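The values are calculated or read from the model by the stated rules, or taken from the named source; none is laboratory data. From a predicted model like this one, the values you see are computed outputs, not experimental measurements. For neighbour counting, all protein chains shown are included, and Cβ atoms are generated from backbone atoms with ideal geometry for every residue, glycine included. Just so you know, the surface numbers come from the protein's heavy atoms only, side chains and all, with ligands and any DNA or RNA stripped out. Shrake-Rupley method; radii C 1.70, N 1.55, O 1.52, S 1.80 Å.
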Amino acid sequence: MFSQYALHHAWLIPLLPVIAFIIVGLFLRRIPVLSAAVSVCMSLLSFVLALGVGYGVIDQLITVDNPLIQRMPWLVIPGLTIDMGVYIDPLSAVMLIVVTLVSLMVQIYSIGYMRGDAGFGRFFAYLSLFSATMLGLVIAVNFVQLYVFWELVGLCSYLLIGYYFHKVSAREAAKKAFITTRIGDFGLLIGIVLLQILFGTLDFQHLGVSVPAYVAQQGTGLLTVVALLIFLGPIGKSGQFPLHVWLPDAMEGPTPVSALIHAATMVVAGVYLVARAFFLFSVLPNAMEVIAWIGAFTACFAASIAFTQRDIKRILAYSTISQLGYMMLALGVGSVTASMFHLTTHAFFKALMFLAAGAVLHGLPDKNDIFAMGGLRHKMPVTFAAMTIGVLAISGIPPFAGFFSKDEILLAASQVSMPLYVIAVLTSFMTAFYMTRLLVVVFCGPEKPDNHPHEAPVSMRIPLVVLGILAIIGGYIPYAYHFGDWVRFGPALHMGLNWTIAGTSTVLSVAAMALAWFIYGSGKATSDKLARRFSALYNLSYHKYYIDELYLWLNHTFVDGFGKLLYWIEIYVIEGIVNGLAHLSLQLGDWLRRKQTGNMQRYGYIMFGAALLIVAGLLLLNPLFKGVLCGGGY
């Protein structure tokens with residue numbers, strides 16, 4: 001059967017995009033048609049294999065507790081054995097399908113979006129490598145394999161964010177993303193090393209057995225520190241506060257890159273890591289509480305910034321940060337099911353909205369400000385329909401995908417902590433408001449006279465249609481077929497909908513959408529008047545709470561100041577000592593040189609005088625020698 005073949009050859013899923021990267025990068029980079037064809041075909045094959053893996057997991061009754069694992073030794077030294085392999089269970093199967101599907105849609109979309117670009121082949125090579133590294137991360141059997149691909153994902157994001165390297169802003173954004181995520185990755189690396197020291201293994205399956213036994217004997221103190229160090233990696237990668245600052249600047253890359261980063265690769269890697277290592281976090285209540293509160297705060301915080309942003313892609317970026325906070329909140333309250341469910345639906349509607357935004361920018365080149373657009377629904381009906389579906393889905397309006405996954409998170413939060421539930425509901429209201437604001441301002445109202453928009457080409461519309469369908473049905477179908485009973489972890493099972501919670505959140509979302517229409521669409525109220533009336537709050541939100549400026553000040557004050565101190569120590573202390581010794585040697589050598597006159601009589605006097613000094617010293621310091629010299633004995 002094909003599913004059996006797919007299960008036992010799942011290693012081909014990341015390998016096929018690697019082959020595309022090599023072929024396109026080395027041989028087809030300057031042949032646009034073939035480079036796109038090879039990349040898309042390899043992505044399609046990976047997607048088909050991922051579907052086979054997903055079906056095989058269901059057919060073979062593979063569960064989180066009973067995974068299919070293939071290993072082979074990679075590094076063997078005394079006291080340390082590291083394997084590479086393939087880890088297949090419902091969590092990895094879902095991720096394989098999501099990543100390959102979104103990657104395939106993005107690559108098809110890019111054929112039209114990047115047409116005529118000088119680096120067309122290079123772009124497709126990077127996309128293939130990006131997909132391959134994320135897929136390699138998903139099937140990792142241990143923390144070492146995961147960390148290798150984790151870093152490669154960061155490298156690919158650096159290459160794609162800085163794709164337009166001739167632009168200073170793109171280069172700076174790529175560096176910002178790379179350096180900011182390195183902060184979290186350093187904590188992750190330390191945590192991995194400590195796990196190896198504590199348990200002697202980094203294998204997920206072995207750790208799943210060893211960690212509960214360790215907690216039962218040793219308690220949670222040290223292991224909580226280790227878990228929080230590991231969580232620093234997801235904080236950086238998934239844009240959680242306070243390491244979220246790189247994610248909005250990542251919009252400097254081409255829009256298909258933004259869709260891939262925000263929907264299926266880099267930023268969801270952190271969520272997947274926490275879900276994969278849930279055997280560690282779930283037995284540490286303090287670590288779980290930290291994860292939940294950081295997720296909740298990030299969700300609300302990012303949503304409040306999205307209220308006032310004007311760049312269409314940055315609004316979506318802050319929306320992603322907020323939704324990732326939702327996923328972390330779900331993990332923190334113990335529901336892997338809700339988190340993975342929302343990760344899946346979010347991949348569909350967020351990729352849809354980013355690609356729709358790309359279609360807008362394709363039709364209105366060099367215009368990112370939403371208030372410079374308007375009335376686009378007439379000239380861009382497909383894009384308008386796609387963005388509308390995406391907004392309804394992310395706002396949690398039934399029966400769209402986000403309704404089912406978002407309300408499962410609300411239900412999980414309500415059963416653990418009422419404050420967390422209130423924050424989650426408030427975030428849901430805010431999300432519906434600012435996403436409707438984007439939709440109304442861009443597509444409704446009168447068309448700007450100086451704009452001449454046009455609908456996207458067919459290659460860009462096909463992914464919009466596919467993702468639009470998934471954003472409609474991608475929540476109900478998994479819900480109806482008991483997604484939560486399939487993707488589960490220990491006691492965190494699918495709980496179904498609570499219609500009181502679902503009804504409340506839906507009413508609030510509809511009210512938020514109506515409020516956004518009243519302010520931005522009806523003409524009965526103007527956003528400018530509101531901005532002036534609440535100028536202090538508006539400026540805080542618009543300037544992103546000045547966190548970038550704070551980091552810049554800290555960098556200039558402390559990092560640069562410390563660097564200047566070290567420079568002073570280098571110049572005046574270290575080099576002063578080294579140069580002083582060198583100068584002393586030169587002076588001593590010069591003095592000795594001057595004593596070399598070549599006069600033999602003088603040399604004789606010096607030698608005789610030296611001999612007398614030696615004898616005198618021996619007489620004074622050694623009584624035994626004095627007795628022998630004077631004719632005495634023992």
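If the requirement is being open to solvent by 10 Å² or more (accessible area, probe 1.4 Å), closer than 19 Å to residue 260 by Cβ and at pLDDT 95 or above, which of these qualifies: 101, 135, 127? Only one candidate qualifies: 101.
For (1) without any contact (Cβ under 8 Å) to a residue 12 or more places away in the chain; (2) β-branched (Val, Ile, Thr); (3) in contact with a Leu (Cβ under 7 Å, 6 or more places away or on another chain), each residue gets a yes or a no:
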position	(1), (2), (3)
173	no, no, no
191	no, no, yes
195	no, no, yes
210	yes, no, no
219	yes, no, no
248	no, no, no
259	no, no, yes
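Of the candidates 149, 165, 186, 123, the single residue that is over 18 Å from residue 247 (Cβ atoms) and assigned to a loop (DSSP other than H, G, I, E, B) is 165. Within the range 185-202, the set of residues being crowded, with 19+ Cβ neighbours inside 10 Å and more than 15 Å from residue 146 (Cα to Cα) is empty. What are the residues in the range 311-325 that are more than 13 Å from residue 274 (Cβ to Cβ), out of contact with any Pro (no Cβ under 7 Å at 6 or more places or on another chain) and open to solvent by less than 10 Å² (accessible area, probe 1.4 Å), if any? Listed by number, the residues that qualify are 312, 315, 316, 319, 320, 321, 322, 323.
When the test is whether a residue is open to solvent by 50 Å² or more (accessible area, probe 1.4 Å), basic (Lys, Arg) and modelled with pLDDT of 80 or more, residue 461 passes it. The residue that is least open to solvent (accessible area, probe 1.4 Å), counting only those in the range 46-85 that are over 27 Å from residue 201 (Cα atoms) and among the hydroxyl-bearing types (Ser, Thr, Tyr), is 46.
Scanning the range 31-73 for residues that are free of Cβ contacts under 8 Å to residues at least 12 places away in the same chain and part of a strand (DSSP E or B) turns up just one, 73. Pairs meeting the criteria (first residue in the range 292-314 and under 15 Å from residue 357 (Cα atoms), second residue small (Gly, Ala, Ser), beta carbons under 8 Å, at least 6 apart or on different chains) are 312/357; 313/258; 313/357.
Can you confirm whether residue 84 is part of a helix (DSSP H, G or I) and not basic (Lys, Arg)? When the stated conditions are applied, residue 84 does not pass them. For first residues located in the range 262-275 and more than 13 Å from residue 181 (Cβ to Cβ), partners that are open to solvent by 10 Å² or more (accessible area, probe 1.4 Å) and not in a helix (DSSP H, G or I) and lie 6+ apart or on another chain with Cβ distances below 7 Å do not occur. The number of residues in the range 19-37 being within 27 Å of the chain's Cα centre (by Cα) and crowded, with 18+ Cβ neighbours inside 10 Å comes to 4. The helices (runs of 4 or more DSSP H) found entirely in the range 199-285 that carry 2 or more residues being over 13 Å from the mean Cα position of the chain (by Cα) are 204-218, 221-237, 255-263, 266-276, 278-281. Please go through the range 331-360 and give me each residue that is at pLDDT 95 or above and touching a His at 6+ places or on another chain (Cβ under 7 Å), ordered by number. Residues satisfying the conditions are 350, 354.
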